[in-house]
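Peer 1: The structure is given below, and queries will be raised subsequently.
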Amino acid sequence: MDNLNLISNFAEFKELKNIDKSTMIGVLEDVFRHALQKQYGTDENFDVIINPEKGDLEIWRNRQVVADDELTDPVSQITLSEVKKLDPSYEVGDEYTDAIGFESFGRRAVLSLRQNLASRIIDLEKANIYEKYSEKVGEIVTGEIYQVWKKEVLILDDEENELILPKSEQIPNDFYRKGDTIKAIVKSVEMNNNQPRIILSRTANQFLERLFEQEVPEIFDGLITIKTIARIPGERAKVAVESYDDRIDPVGACVGMKGSRIYSIVKELRNENIDVINYTSNPQLMIQRALNPAKISSITIDEEHKTASVYLKPDQVSLAIGKGGLNIRLSKMLTGYDIDVYREIEEEDVALTEFSDEIDGWIIDALKAVGCDTAKSVLELPVEEIAARADLELEQAEKVVAILKAEFEE
């Protein structure tokens, strides 16, 4: 049984991904020394020589030549009469070295050795993959989609390591096909049953931040910093940026000439709308910028409770709230303030709270939640829209409209 046959695919082992040459040699030597210990009880007088370039291995045994009547340990000693048969030039006290053929281990021992080697190599690969990706947490990786399942997508990197993109980390508008190339951020690395599980994400705020770093050199170089991000994946995001160089317009740099930089990011995020705003430590100004494109008339802030009351002209309320309440939700996330939007009461208008004796309190609260906090703001809308927005029955909406109309008819 020759060396190459014993270790089967040794030539392939030296090409294994994620395993450097010195580590590979160390594992091979350790495995064979373990086999020597089992076979001879010790490995101290054996030399294990590995040639990773050629893909072969040799084992040499070193024994001291002793007189025939002084042999006490046949593993570390050889008698003079025995060594004279092999080479007459040896004398007592010399060291005799001979090669150990793998056939001396026996078939079962060789099989066990091969299995042990294969197991150690696999464990080493897993540990190295785990370590490699643990260092990449928070970084963008690119891979090829290999399999699409209902709850997750299997992705292979350029070394064919398996990466997982769970459904919860996918942008709702994402569409995956086998063979497509995809970008994502490494969210976490876990060990499940001694198997590394690398979790990716395309919904994390950090993914958006890394995309900005890739597309905007000023962010990568540290001239512009991203202070905070508010994001509803696949829908819309708000990014607050600040420049450390007065000569650089942070918003302009992030958007790029004719939107060239931001376009690449939006495209990667499946047309997710991105608002880039100038960061400020002034909470009033920050809230005002966050609620863009709405024009704010006045703001009252409660620093202790982190709340803000924002007053706008009637035609600006819907802009502040945004479609499906998206703009105000993101503004709250971006600023850290609980923002309430109020319509400025015109001289002849009346606040809804004035009708609390005729309209149930929960209905008034529902109407205020959708930006209708005055009588005229409700009456400006069709009855069907009032019912839909405030989640009311049509009859309830009609009753509210009748009560409010009566106020102005008087």
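The values are calculated or read from the model by the stated rules, or taken from the named source; none is laboratory data. What you are looking at is a predicted structure, and each value in this text was computed from that prediction instead of being measured. Note that each Cβ is placed from the backbone with ideal geometry, even for glycine, and that neighbours are counted across all protein chains shown. Note: accessible area is taken over every heavy atom of the protein model, side chains too, but ligands, DNA and RNA are not part of it. Shrake-Rupley method; radii C 1.70, N 1.55, O 1.52, S 1.80 Å.
Peer 1: How much mean residue ellipticity at 222 nm does the chain get from its helices, if each DSSP H run of length 4 or more adds -39500 (n - 2.57) and you divide by all residues, to the nearest 500 deg cm²/dmol?
Peer 2: Helix-only estimate at 222 nm: -11000 deg cm²/dmol.
Peer 1: Still on this structure, please answer the following. When you count, for each residue, the other Cβ atoms within 10 Å and take the mean per peptide, how do 332-340, 139-147 rank with the highest first?
Peer 2: The most tightly packed comes first, giving 332-340, 139-147.
Peer 1: If you don't mind, there's one more thing I want to ask. Any chance you could run the full-extension gain for Asp87 through Asn116? It's 0.36 nm times the residue separation minus the Cα-Cα distance, nm to one decimal. Intermediate values should be presented prior to the final figure.
Peer 2: Values: separation 29, 0.36 × 29 = 10.44 nm, distance 3.65 nm.
In short, 6.8 nm is gained.
Peer 1: Now, a different point. For a quick check of understanding: with a 1.4 angstrom probe and all protein chains in place, what accessible area in square angstrom does Tyr279 have, to the nearest ten?
Peer 2: 70 Å²
Peer 1: Sticking with this one: Report the full-extension gain for the segment Glu242 to Thr23: residue separation times 0.36 nm, less the Cα-Cα distance, to one decimal in nm.
Peer 2: 74.2 nm
Peer 1: Based on Cβ point charges of +1 for Lys and Arg and -1 for Asp and Glu, what charge dipole magnitude is obtained for region 241-282 about its Cα centre, in debye rounded to the nearest 20?
Peer 2: The calculation lands at about 260 debye.
Peer 1: Just want the answer: with Cβ charges of +1 for Lys and Arg and -1 for Asp and Glu, which residue in Thr300, Ala387, Asn192 is farthest toward the dipole's positive end in the chain?
Peer 2: So the residue we want is Asn192.
Peer 1: Just how large is the dipole of region 222-305 about the Cα centre, in debye to the nearest 20, putting +1 at every Lys and Arg Cβ and -1 at every Asp and Glu Cβ?
Peer 2: Approximately 460 debye in magnitude.
Peer 1: GNM, the chain, Cα, under 10 Å: largest mean-square fluctuation among Ile198, Ile49, Ile328?
Peer 2: Of Ile198, Ile49, Ile328, the Gaussian network model singles out Ile49 as fluctuating most.
Peer 1: Also, I was wondering about something else. Please tell me the relative contact order of the chain in percent, rounded to the nearest whole number, where contacts are Cα pairs under 8 Å and at least six residues apart.
Peer 2: Averaging sequence separation for qualifying contacts and normalising by length gives 8 percent for the chain.
Peer 1: Oh, and also: Given the pairs Lys267/Lys368; Lys38/Lys84; Lys227/Lys306, which span a C-alpha to C-alpha distance of over 26 angstrom in this model?
Peer 2: Lys267/Lys368; Lys38/Lys84
Peer 1: Distance in nm between label sites at Gln77 and Ser356, each 7 Å beyond Cα in the beta-carbon direction?
Peer 2: It works out to 10.6 nm between the two label points.
Peer 1: Return the long-range amide H neighbours of Tyr342 (sequence gap of 5 or more, or a different chain), with a cut-off of under 5 Å between placed amide H atoms.
Peer 2: Under 5 Å from the amide H of Tyr342: Val310, Tyr311, Leu312.
Peer 1: Any idea how far apart Asp391 and Ile301 come out in nm if each label point goes 7 Å out from Cα toward Cβ?
Peer 2: About 3.1 nm, to one decimal.
Peer 1: Here are some pairs, Lys132/Lys332; Lys151/Lys238; Lys183/Lys295; which of them have Cα atoms lying more than 32 Å apart in this structure?
Peer 2: Lys132/Lys332; Lys183/Lys295
Peer 1: Local charge sum around Arg120 (other residues, Cβ-Cβ under 14 Å, Lys/Arg +1, Asp/Glu -1)?
Peer 2: Local net charge: -1.
Peer 1: As an exercise, identify the GluC sites (Glu not before Pro) in region 160-227 lying in DSSP coil whose Cβ has no more than 12 other Cβ atoms within 10 Å.
Peer 2: Glu160
Peer 1: In debye to the nearest 20, how big a dipole does the chain give about its Cα centre with +1 on each Lys and Arg Cβ and -1 on each Asp and Glu Cβ?
Peer 2: Dipole size: approximately 1020 debye.
Peer 1: Net charge near Leu330: determine it from the other residues with C-beta under 14 Å of the C-beta of Leu330, scoring Lys and Arg +1 and Asp and Glu -1. Walk me through the intermediate numbers first.
Peer 2: On the way: positive: Arg231, Arg236, Lys238, Arg289, Lys323, Arg329, Lys332; negative: Glu235, Glu272, Asp275, Asp338.
After counting each charged neighbour, the total is +3.
Peer 1: May I ask which residue of Val317, Val341, Tyr263 lies farthest towards the positive end of the charge dipole of region 207-349, with charges of +1 (Lys, Arg) and -1 (Asp, Glu) on Cβ and the Cα centre as origin?
Peer 2: The listed residue farthest towards the positive side: Tyr263.
Peer 1: What list of ³J(HN,Hα) couplings, whole Hz, do you get for region 125-135 from phi and the Karplus terms 6.51, -1.76, 1.60, once you set θ to phi - 60° and write x for glycine and proline?
Peer 2: Values, residue by residue: 4, 4, 5, 5, 5, 4, 5, 4, 7, 5, 6 Hz.
Peer 1: What residues of region 182-203 lie in the reach of a label at Lys136, counting those whose backbone N is under 19 Å from a point 7 Å from the Cα along Cα→Cβ?
Peer 2: 182-192, 195-203, by backbone N distance to the label point.
Peer 1: Then there is this: Mind listing the phi-derived Karplus ³J(HN,Hα) values for region 233-243, rounded to whole Hz, using 6.51, -1.76 and 1.60 with θ = phi - 60°, and x for any glycine or proline?
Peer 2: Computed from phi, the couplings for region 233-243 are x, x, 10, 7, 9, 10, 10, 9, 10, 9, 9 Hz.
Peer 1: Compute a Gaussian network model of the chain, connecting alpha carbons closer than 10 Å, and tell me which residue from Asn292, Asn282, Asn116 fluctuates the most.
Peer 2: With Cα springs under 10 Å in the chain, the top fluctuation among Asn292, Asn282, Asn116 is at Asn282.
Peer 1: Want the number for Asn194 to Phe408: 0.36 nm per residue separation, take away the alpha-carbon distance, what's left?
Peer 2: 69.6 nm
Peer 1: I want to verify a result. In a Gaussian network model of the chain, Cα cutoff 10 Å, which of these has the top mean-square fluctuation: Lys85, Lys183, Lys267?
Peer 2: Lys85
Peer 1: While we're looking at this one, here's another question. For region 34-41, in order, what is each residue's ³J(HN,Hα) by Karplus, 6.51 cos²θ - 1.76 cosθ + 1.60 with θ = phi - 60°, in whole Hz (x at glycine and Pro)?
Peer 2: Result, rounded to whole Hz: 5, 5, 5, 4, 5, 7, 10, x.
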